[in-house]
Each structure stands twice: as structure tokens, then as C-alpha cells.
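Engineer: Before I ask anything, here is the structure I am working with.
Any read-out appearing in this document is the output of simple, stated calculations on the displayed coordinates, not a laboratory observation. Since this is a predicted model, take the numbers as computed values, not measurements. Don't worry about glycine lacking a Cβ; one is built from the backbone with ideal geometry, like all the others, and counts go over all protein chains shown.
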Amino acid sequence: MSSLKLTDVHKSYGKLEVIKGVDLEIQSKEFVVFVGPSGCGKSTLLRMIAGLEHITSGDLEIGGVRMNDVDPSKRGIAMVFQSYALYPHMTVRENMGFALRFAGVAKDQIAKQVNEAARILALEPLLDRLPKELSGGQRQRVAIGRAIVRNPQVFLFDEPLSNLDAELRVHMRIEIARLHKELQTTIIYVTHDQVEAMTLADTIVVLRDGIIEQVGKPLDLYDNPANLFVAGFIGSPKMNFMAGVVTASGHGGVTVELTNQGKAHVVLPLSGPAPAVGAAVTVGVRPEHFGLAGSGGPEITVAIDVAEHLGSTSYIYANTKSGEQIIIEREESRHELGHESITVAIDPAKTFLFSAAGERLR
Amino acid sequence: MTGWAFIAPALILLGLFMIYPIVWSLWMSFQVGKGMNLSFGGFANILRLTKDAVFIRALGNTFTFFIFQVPIMIVLALLFAVALNDATLKFRGFFRTAIFLPCATSLIAYSTVFKSMFAIDGVVNQTLMELHLITAPISWLGDPFWAKVLIIMAITWRWTGYNMIFYLAAMQNIDRSIYEAARIDGVPAWARFRYLTIPMLKPVILFTTVISTIGTLQLFDEVYNFSAGSGGPSDSTLTLSLYIYNLTFKFMPSFGYSATVSWVIVVLVGILSFLQFLVARDRRTS
Amino acid sequence: MTFAMLRRGIVYVLLSLAAFVSVFPFYWMVVGATNTSAEIIKGKTSLGSALITNATAFFTQVDALRIFWNSGVIAVVATALTLLVSSLAGYGFEMFRSRLREKLFGFLLLLLSIPFAAMMVPLFVMFSQAKLVNTFTAVILPTIASIFIIFYFRQATKAFPRELRDAAKIDGLKEWQIFLYVYLPVMRSTYAAATIIVFMANWNNYLWPLVVLQTAENKTITLILSGLTAAYTPDYGLILFGTVLATLPTLIIFFLLQRRFVEGMLGAVK
Ligand SMILES: Nc1ncnc2c1ncn2[C@@H]1O[C@H](COP(=O)(O)OP(=O)(O)O)[C@@H](O)[C@H]1O
Ligand SMILES: [Mg+2]
């Protein structure tokens, strides 16, 4: 069942168009993550769903009902903010029960719901404290608790973890995943951190400049990025891109010569239409997909800039002959300590090809 | 829509009790005549200004108060704020409260207290003579020069702490690490004040300067009470506001002309505020 | 080391001097209330024995209860209304920005430069036409919407977290409820600072009450004391006694709210 639906949604601030036509359908109980670089319009989109920003044009449906002009409190949503937005003059208990108080819920019913949410989040010992007496992680849990108490159809999270330190971030990430399992509600979660997106999401929505670039399951996006932008955004470290020119083109594949790489040719299978001979293309290889020299496939030799050895893996930062910076991920690479350069093999089966316009060629 | 609802009460009150009277007074400033018998006089009132020795006196006095009082007070307030912003200083709270305390007095209280302290045989003259700073008592209330000095001292006493609080508040918003970085870089204390504190406080300094300018140019209460409403001795503390009051309520009321005088203050404040903004901006670019 | 200590020493001496100069007039006022007028103008700085005489003289010459009641009613009502109206406006200007309202706000700031003297005569005529001269209404009405306090609240509102308002909206509060249940309690330091400023301004307000309050039984303590001082040979003992009484309310308010005052100013200066 569809829980939330956006149809051709636009948002403009005066002349500045920030959301440029978004269509999206979110299933019930789905954990959806909006991810994209800072300023791409994630928060704006989320705030339109929440009712905090007016929708310039297009339709928003929640639970099958058009919600464009419905008051935020009546949309069946709850929101967790980046700054937590706890009311500083109220205790944790009052913070969590505040919405119910204004919805006219009876006192004992409020107490019951607050206690239930506090139990789920292990907040019971903190109920009578003020926000300023809590740590960052505790505040975050209270903010989530405040959302749970309202029993919403859809949870909205706007970068909820970005004010926490790295360790706590991982901890809270796991907690949110657990919570989703337990509550079984739809969650829309905004982040600029693709690791958060990959680990939490059932479905990732990649946004750029107010446009959806791709929607899909985390691993689908990783295995099958629709374009150069998604390929570069999903995956850590980033995918490596090398310039090339098509030297032969036929049914079922092309041959690409990498620019300035000592005549290294990559032969790539293609099922769709192939680019013409002479077309400029970009070849993408993930750091973890480079093979050892001699493992098959064309080979390139790159100059090592810096190598980071983490024990189980190593990251080698290197420059190609045409000056592109690439990262090579290797397991067991101690024998490369002290080397000036390294030769790696490109496996055509794990190589992506993009047109000059950034479209994926498959 | 909601936005207008929130500001509507204020706008209605301001419209009724500020904008409407201002427009009326602007219209009045072109009227001549006594009492309520007014007729249009064009620029007659402005001409009268140029020939009115009392007005020129009042203008000069007001300007004198402004020129001396505002800078003295702002500088003192800044110095106190810097001294009190030092976290290692002992009794900070006491000093801060003490220096701020004068603004908690009622205007009339401090006028009276000052008048009695500065009486010819009063405590101030006695102390100064015991310290051999003066040989004969100063006639603070009777001498045109010292009467002005007394007014300036009184206003400064009253308002320095008030301005200081603004600066202190602003200083607490400055990131301490900036000063720590400067100290590590070997920047001396005076240079930290001159090149860090002052520029960062500039918006507040500008704000307090403009507010003080407005206050001093509208000076009324103090001079009225020190001189029992006369602006004496011999008009030496007569300010524009007091002159307006006298024109309106003391002499045969001359509403049109008094309105004209009040617009002189508006123009002065306008020019001076503009100059202050200009100075503040120039420093930024250089 | 010694240079730093010397400098520190000078700072203490200067601050002590400033503190002395600031506080001495208060001491003088209290001591003066116990001395005779003749002793005061001769500069007597020690406690005297004329307190009872001064008090008796004050209470026979001045209907103190009535006069303080007048001052109190005017100051309390005017302060409450000013805080309400001006904070609503400050909130409105900052939270709901529009080009028109920004222009309006700039225009209001310009009005700040117009002296009260310029409005005094038209205001007086307005209130006499409305038959309100010599009423508290006439004293209070023109002071309620204060541009300075609106500006102050707008500045302070800039530090009010917007996400708090968003959270409250999602929690189902209407805009006026957000103002009442979230903004007001969160901004209480700002209100405390404004209370001090506005209460003092009203308690001490002089020129307009002087113009508009005409009969003795309607006057404020400020006006009455001013009248006593203007006498040809003022009785300073009596006046300083009254002055102590007149200063007490503002001092009490100040000490009650002092802690919040600095916090409140902090918000406004950001
Ligand atoms: N109230 C506003 N007025 C004008 N522009 C805005 C406003 N809010 C956001 N924007 C602009 O909209 C774009 C998207 O902002 P936002 O949704 O906050 O990005 P994200 O959350 O993805 O970082 C940004 O370029 C931002 O500058
Ligand atoms: Mg954002």
C-alpha cells in the first residue's frame, strides 16, 4: 500500500526554483532516505511533506488523502529536527506530551503514551529532567520519543545525527534501524551522508539541484548507478573516473582507449546503443574493483601519492599519467610498502561507462 | 496574514499616537500665529529661526552637550566593559552592579541628589577644597560654564553603566578563542582592544552612539529640573526641547513656531546619525 | 610580572573609583533623608537625627499613598501593555518577513529620531479634544507602542531557534499558542531585561505626564518631587526622603531581575 505520494512537486522562493518537479511514491512501512549534497533541496522537500513549507505546485498525498493545505499537526506525521528542537523550559515528560495536550487528549492517556514511548527508548530515568541536563545523544532520543508519542503514519527525520560525534552517530544509527523494525512505520530520513543512507535505507532517493537523480535499493544504486552523479555519490571511497575515447564501436560492445594511459584499451560489453567512434566517454572503476597486475584485463600503471594502511585494507591514493586522482582499495597490500608506482588491472565486467553528458551507457 | 496580525496592535498605536501627530506637527511648522489662531505662513517660521537669538543659544547649548557628553560616555563605558569582561578580575559582579546602579534611579531622584551635592557649600565643593584642587567654591548651579559641566557630569553618571551593559553583553558573544589565538600570536593588550574588540563591537557601538545622540539632542528632563524650568543661569543650559516646551506652554503659545523648532532636532538627529553610519562604514572598507 | 601587577592594580583603583562615584549619590540620598536641609547643603555626610521630621513633613505635604498609587498604576499598566504589544510586533516582524514589512520596519527606525517634543503639541490637542487630559489613559496610551522596544524584541527574536517554532507547529499549536506557550517562556530573559528598561522609563517618565497631568491628586511621584525641588528654597531633607521612597521601586525591580537582565541583553545584542 502506498503511504505517501508526491506528484510533480515544485517549490520556488520568489524567482528561485529549489524543487524542480519531484514524483515519488513511498510504500507503507518503508524506510526511505533522501540523500544528496548540501543545498540540493532535501530539507525543503521534507519540510513540504511536513507542512512547514508551502507547496508551490504539485500534489502531496499521505495515506491516500491530498494534504497540500492541511495543517502540519493533522497530516499524521512527526518530525525529528537536526537541532532536536526540544522546548528548553519543559521537562522531558512535558516535551513528549506537549502535542497530545494540544490535541485535547486526556491527562492519564498522555501519561500512558509518554511512558510507553519512554520505555521503548529507555528514557524513563530522564523523564523529569530539562533538556539542558541531557547529553547530545539523550536529547536526540527525547526528540525521537516526542515523535513516537504522536503515533504518526510517517516519521520525518532531518539530518538527526549530524550534531553528534562519530561514535554516537553509529550508535544512534543502529538504534534508529532497530526502532524502525519495532515500530513498523514509514520513515523518511534526510541526510547528506551516503553511509547513513546505505546502512539505513530500504530505498534511497538521490537528489541533486531539486531533481531526483535515481531511486532504488541501496545495493542497486551501488551496482547500477543511473548516471555519473549517482555513481560518484554512492560508495565510499568514491568511484574513480578516467577520461577515454571510443576507438571501436559495434554490436554488443565498444573499445575505449584511456587518455594518456599507454594505449590501455578497455573492451566493454554494451546491450544498448553504442556511442560513435571518436566520442569522449568516462570510464568508472570503484576502488575495490581494481585487480592485481596479471589478473586479466587491461592494465595501467599509476604513481603512488599516499598510501593509508589500515591493517585489513589499504587505500592507495595515486595519480594517473593524465593527472586524474584515483583511489585503489587493496586487501593485504603490505608488499607495496615503499613502492613508487603500482600497476593494476581493470576488470571490464566491473567497469562503468558514461557518456560525455554523464549518462550511464549499458 | 498572521504576520500583520502580530504587528497590527503596534502599528495602530504608532499610527495614532506617533505618525499622525508627526504629520500634524510638520503641517503646523508652516503655520504662524498665537494660540489656536493659525494661518499659513510658508517659510516665515524658518526665517524667524535665523533671527531668534534664544533659539541659536539653545541650539548651541544642545550641540555642546552632544559634543562632550556622548564621546565621554561611550569611551568610559567601553573601558569599563573591557575591564569587567576579564574573567580573572575579582569582584566583577560588584563592580558591574555598582556602575550600572545609576540607571536604576529615577530621573528626579538624581537631579535632586546632584543639586544638593553640588550646592555652593555642599559636599562636592568641600571635598575639592580639602583636596586643594580648588581654592574657592565653584558655583555649579549659578555659573553658566559650570552649570553646563554639571549637566554633562550628571548625564554621564546616569547613562554610562547602561551603555556598558550593552558592550559587556556583546563581548560575551565574542568567541574567547579569538583572544587566545591573538595572545599566542603575541598581539599586545591594547592592540587586541583596538583591532579585535572595537571592530567586533562596532555594530553595538554604532547603535549606542545613535541612541545616545538622540537622547542628548532631546535633552529635557535634567535641564528642566536643575534649573527649575528656566534653562538658567542666563539660558546657559537651555536646550532645544526645553525651548520648545517653553514656547508651547510657558509664553503665549506659539504652536507653529515650536513645531518648527522640533523639526530642527529631527534634522539634526538625521544628519548626525547619517554621519555616524558613514564613519562606521569607512572604517570597514579601510 | 610586576608590570602586569601594576596594571592590574591601576584597573582596580579606577574601577573602585568609578564604583564609588556611582554609589556615593545613593549613600548621600539615604543620609540626606536623615538630615535637615541646612545640614545637607553644608555637605554633612553622616547620619543625622531629622529622619522623623523629614518623614512627617513629607507625609503632611504630599498625599503619598495616592501619589505612589498613581505612579504605580501608570508604570505597571504601561509596562505590561508595552511588553505585550512590542514583543508581538518584534515577533511578527522577525518571524514573518515580507518585503513590505521590512520597508515598514526601516521606516519605523527612522521615526526613532523624531523627538517627543515634536509630537507633544498635536498629542496634547488630540487628548484635549477626546476629553482625556488629566487621565492616566492619556499618560499611558502614547507610550505603549515603543519602537525601541519593538526593535529590541526583533533583535532578540533572531536568536529564537526557528526549529522550535516548526516543532510546535507539528505539535499542533496555532501561531498565537506558539507565541504564548513556547516563545514567551523561552524568551523570559529578554522580557526581564525589557521589563527593567520599560518600567524605569515609565516610572521616570517626565515630560509627557508634566504636560498632560494637571491636578495635584493625579500627579506622579516624579512630578511631585520635581515640583518640590523647584521651590525657591527647597527643603532638601524632605525631598531626599521622598526621593528614597521614589527610587525604591526601580531598585527593587532591578535587583529582582538583574540576573536575567544581562542574559536578556545578551540575546538582543547578538
Ligand atoms: N527560505 C528560503 N528562501 C530562499 N532560499 C531558500 C530558503 N530555504 C532554502 N533555500 C534554498 O533552497 C536550497 C535548498 O535548501 P535545503 O532544502 O535546505 O537544502 P539541503 O537540506 O539539501 O541542504 C538552497 O539553495 C537554499 O539556499
Ligand atoms: Mg538540510
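Engineer: Using only C-alpha positions, report the orientation-averaged shadow area of the convex hull of chain C, nm², one decimal.
Structural biologist: Reported value for the Cα convex hull: 21.1 nm².
Engineer: Next question. Alpha carbon centre of region C:200-235 versus region A:24-84: separation in Å?
Structural biologist: One Cα centre to the other: 61 Å.
Engineer: Over 28 Å between Cα atoms, which of A:LYS112/C:LYS169; A:LYS217/C:LYS174; A:LYS11/B:LYS202; B:LYS34/B:LYS115; A:LYS29/A:LYS350 qualify?
Structural biologist: A:LYS217/C:LYS174; A:LYS11/B:LYS202; B:LYS34/B:LYS115; A:LYS29/A:LYS350
Engineer: Would you list the P(r) distribution for region B:1-128, with all Cα-Cα distances sorted into 10 Å bins from 0 and each bin expressed as a whole %?
Structural biologist: Cα pair-distance distribution for region B:1-128, in percent: 9, 15, 23, 25, 20, 7, 1.
Engineer: Oh, and also: So for region B:114-252, averaging the separation of alpha carbon pairs under 8 Å that are six or more residues apart and normalising by length, what relative contact order in percent results?
Structural biologist: On the way: 95 pairs, mean separation 32.5, N = 139.
Relative CO of region B:114-252 lands at 23 percent.
Engineer: Only helices at least 27 Å long along their axis, Cα-based, and averaging 0.0 or more on Kyte-Doolittle count here, so list those DSSP H runs from chain C. Write down the numbers at each step before the final one.
Structural biologist: On the way: long enough: C:2-32 (43 Å, 1.55); C:64-95 (45 Å, 1.33); C:236-269 (42 Å, 1.49).
Passing helices, by number: C:2-32, C:64-95, C:236-269.
Engineer: Same structure, new question: Give me the tail of P(r) for the protein assembly as shown as a percent: Cα-Cα pairs with distance above 41 Å. Numbers along the way, then the final one.
Structural biologist: Values: 230276 of 420903 pairs.
Percent of Cα pairs beyond 41 Å in the protein assembly as shown: 55.
Engineer: Just rank C:TRP176, B:TRP24, B:TRP159, fewest to most, by other beta-carbon atoms within 10 angstrom. If you can, show how the numbers build up before the last one.
Structural biologist: Details: C:TRP176 13, B:TRP24 18, B:TRP159 23.
Placing the least packed residue first, the sequence is C:TRP176, B:TRP24, B:TRP159.
Engineer: Output the relative contact order of region A:240-361, whole-number percent, from Cα pairs under 8 angstrom with separation of 6+ residues.
Structural biologist: On the way: 286 pairs, mean separation 34.1, N = 122.
Answer for region A:240-361 is 28 percent.
Engineer: Follow-up. Suppose each label sits 7 Å from its Cα in the direction of the beta carbon; what would the B:GLN172-C:LEU6 distance come out to in nanometres?
Structural biologist: My value for the distance between the label points is 3.4 nm.
Engineer: Checking the cross-link filter: which lysines have an alpha carbon closer than 16 Å to that of C:LYS158, excluding same-chain neighbours under 8 positions apart?
Structural biologist: Within the straight-line limit of under 16 Å, C:LYS158 reaches these lysines: C:LYS270.
Engineer: How big is region C:204-265 in terms of Cα radius of gyration and Dmax, in angstroms?
Structural biologist: 14.8, 45
Engineer: So what's the convex hull volume per residue for the Cα atoms of region B:105-264, in Å³? Write out the running numbers ahead of the final one.
Structural biologist: Numbers: hull volume 25.3 nm³, N = 160.
So the per-residue hull volume is 158 Å³.
Engineer: How big is D for chain A, in µm² s⁻¹ as a whole number, if Stokes-Einstein is applied with the Kirkwood radius of its Cα pairs at 25 °C and 0.890 mPa s? Provide the component values of the computation, followed by the final result.
Structural biologist: Numbers: Rh = 23.1 Å.
The diffusion coefficient I find is 106 µm²/s.
Engineer: Under 13 Å between alpha carbons, and skipping anything fewer than 8 positions from A:LYS42 in its own chain: which aspartates and glutamates qualify?
Structural biologist: Leaving aside aspartates and glutamates fewer than 8 places away in the same chain, those within reach of A:LYS42 are A:GLU53, A:ASP158, A:GLU159, A:ASP193, A:ASP209, A:GLU213.
Engineer: Only helical DSSP H runs with n ≥ 4 go in: add -39500 (n - 2.57) per run for chain B, normalise by residue count and round the 222 nm mean residue ellipticity to 500 deg cm²/dmol. Can you show the working numbers first?
Structural biologist: On the way: 14 runs with 195 residues, N = 286.
Using -39500 (n - 2.57) per qualifying helix, the result is -22000 deg cm²/dmol.
Engineer: Could you work out the relative contact order of chain B, using alpha carbon pairs under 8 angstrom and six or more residues apart, expressed as a whole percent? All intermediate terms of the calculation are to be shown ahead of the outcome.
Structural biologist: Values: 292 pairs, mean separation 85.9, N = 286.
RCO, chain B: 30 percent.
Engineer: Would you calculate a helix-derived [θ] at 222 nm for chain A, using -39,500 (n - 2.57) for each DSSP H run of n ≥ 4 and dividing by the full residue count, to the nearest 500?
Structural biologist: Working: 8 runs with 85 residues, N = 362.
Mean residue ellipticity at 222 nm (helix-derived): -7000 deg cm²/dmol.
Engineer: List the aspartates and glutamates whose alpha-carbon lies under 18 Å from that of A:LYS263, not counting same-chain residues fewer than 8 positions away?
Structural biologist: Cα-Cα hits under 18 Å: A:GLU299, A:GLU324, A:ASP347.
Engineer: A follow-up question, please. Give the distance, in whole Å, between the Cα centre of region C:56-93 and the Cα centre of region A:134-176.
Structural biologist: One Cα centre to the other: 48 Å.
Engineer: Check each of the chymotrypsin sites (Phe, Trp or Tyr not before Pro) in region B:56-114 and keep only those in coil by DSSP with at most 14 other C-beta atoms within 10 angstrom; list them in order.
Structural biologist: Values: sites: B:PHE63, B:PHE65, B:PHE66, B:PHE68, B:PHE80, B:PHE91, B:PHE94, B:PHE95, B:PHE100, B:TYR110, B:PHE114; in loops: B:PHE91.
Hits after loop and neighbour filter: B:PHE91.
Engineer: Looking only at other chains, what is the average number of their beta-carbon atoms within 10 angstrom of each beta-carbon in C:80-89?
Structural biologist: Mean partner-chain Cβ count within 10 Å for C:80-89: 3.
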